[in-house]
Amino acid sequence: MPNVSVWMLRLSLFYLITGASIGSLLLINKAVLISYKLWALLPVHIELLIFGWIIQFTLGTAYWILPRLLISKDRGSELLANFMLLSLNAGILLVILSELFYSLSALALPGRILETLAVILFAGLHWKRIASYANH
Amino acid sequence: MPLITRIFLKSGIVFFIASLVTGVALQIDSIALPPLLPLFWHMLMLGWITQIIMGVSMWMFPGRVREESFKNQRWAWIAYFSLNIGLWLRVLGEPAVNSSDALVWKVLLITSALLQLIAVISYALEIWPRVRGKKERVTKKNIQRSED
């Protein structure tokens, strides 16, 4: 498993546990009201589990498991793959900060831009790896 | 495909259907109760997508112990039962807690919350040691061989 995938998968597990902990707290808050303020964590719960867990896990697994490039026999530029990893996680963190602190709400836009950049990098890195050996 | 994966995938498909039936119900005014919306999303994202991810990764990721037993796969089985029991308790408890003050529904919902958390922690305990680079795997194999 390449290092980029190891990082993405381990980070996604970290986000899964953090997001699920917040989710559990919110569900308990539904049964026994602890504080109305806890509901402010709902967007963080969603961001952690959609982008941090599901998207990051699937991208990390795809980077590892899709066929290598037919000519160079590798997974493409490692630098760009590292940049994809950094961009996605910086984006997630910025969006979470913007949801947690009203004074930092302006960080949502750069956060979403970084997440988009990560997905564009993913597309660029994998486009030619989505291939059938039968055609060659 | 190991039993644990088959059971994860089939349970995932059941939740997939249940979530979409709930999605249909949400479009019918007379039965579109507000507590159905979080149920729809959780059955879809946790019951279906997360459950499929868990099942397939337990099968495909390196380092799987081929001899199937509860002892060898204990975290995977704990994850499976906690997730499914937890989510079904939520399906029962969430609509009820909105319409009744009875203690039983509150207990059900709190149990569901804890079980779902136990499920993801157990899954992480199962899969974390199997998420590793080639170098790490080779070193571990060499250590194992020298011990043998």
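Throughout, read-outs are computed from the coordinates displayed, never taken from laboratory work. This is a predicted model, so every value here is computed, not measured. Note that we place each Cβ from the backbone using ideal geometry, even for glycine, and neighbour counts take in every protein chain shown.
Observations
- For the range B:5-148: Kirkwood Rh in Å [reciprocal of mean 1/r, alpha carbons]: 17.0 Å
- Counted by neighbouring Cβ atoms within 10 Å, the residues B:Lys10, A:Lys73 run from fewest to most as A:Lys73, B:Lys10.
- Average silhouette area of the protein assembly as shown, convex hull of alpha-carbon atoms, in square nanometres: 18.9 nm²
- Estimated vicinal HN-Hα couplings, Hz - the range A:46-63 in sequence order (Karplus 6.51, -1.76, 1.60; Gly, Pro = x): 5, 4, 4, 7, 7, 7, x, 8, 5, 5, 4, 5, 5, 5, x, 5, 4, 4
- For chain A, the mean residue ellipticity at 222 nm estimated from helices alone is -21500 deg cm²/dmol, where every DSSP H run of n ≥ 4 contributes -39500 (n - 2.57) and the total is divided by all residues, rounded to the nearest 500.
- Computed [θ] at 222 nm, deg cm²/dmol, chain B (DSSP H ≥ 4; -39,500 (n - 2.57); rounded to nearest 500): -24000 deg cm²/dmol
- Computed 3J(HN,Hα) for the range A:10-17, one whole-Hz value per residue from the Karplus formula 6.51 cos²θ - 1.76 cosθ + 1.60 where θ = phi - 60°, is 5, 4, 5, 5, 4, 5, 4, 5, glycine and proline marked x.
- Largest GNM mean-square fluctuation among B:Gly93, B:Gly47, B:Gly55, using chain B with Cα springs under 10 Å: B:Gly93.
- Across the range A:20-26, computed HN-Hα scalar couplings (Karplus, 6.51 cos²θ - 1.76 cosθ + 1.60, θ = phi - 60°) run 5, 4, 5, x, 4, 4, 5 Hz from first to last residue, x flagging Gly and Pro.
- When A:Ile120, A:Ile22, A:Ile71 are sorted by how many other C-beta atoms sit within 10 angstrom of their C-beta, beginning with the fewest, the order is A:Ile71, A:Ile120, A:Ile22.
- Crossing angle, helix A:108-126 versus chain A [Cα axis fit, 0-90 degrees, rounded to tens]: 20 degrees
- The chymotrypsin sites (Phe, Trp or Tyr not before Pro) found in the range B:40-113 that occupy coil by DSSP, while having at most 14 further C-beta atoms within 10 Å, are B:Phe70.
- Taking the centroid of alpha carbons for each part, the range B:43-102 and the range A:80-131 are 29 Å apart.
- Whichever aspartates and glutamates have a C-alpha closer than 13 Å to that of B:Lys71, once near sequence neighbours (fewer than 8 apart) are set aside: B:Glu126
- Charge tally in the Cβ shell below 13 Å around A:Gly76, where Lys, Arg are +1 and Asp, Glu are -1, A:Gly76 excluded: +3
- Relative contact order (%) - chain A, alpha-carbon pairs under 8 angstrom, separation at least six: 26 percent
- At q = 0.16, 0.20, 0.22 Å⁻¹, base-10 log of I(q)/I(0) for the range A:23-101 (Debye sum, equal scatterers on each alpha carbon): -0.72, -0.91, -1.01
- Plainly put, the range A:3-134 has a radius of gyration that is 1.09 times its Kirkwood radius, both from alpha-carbon atoms, as the Rg/Rh ratio.
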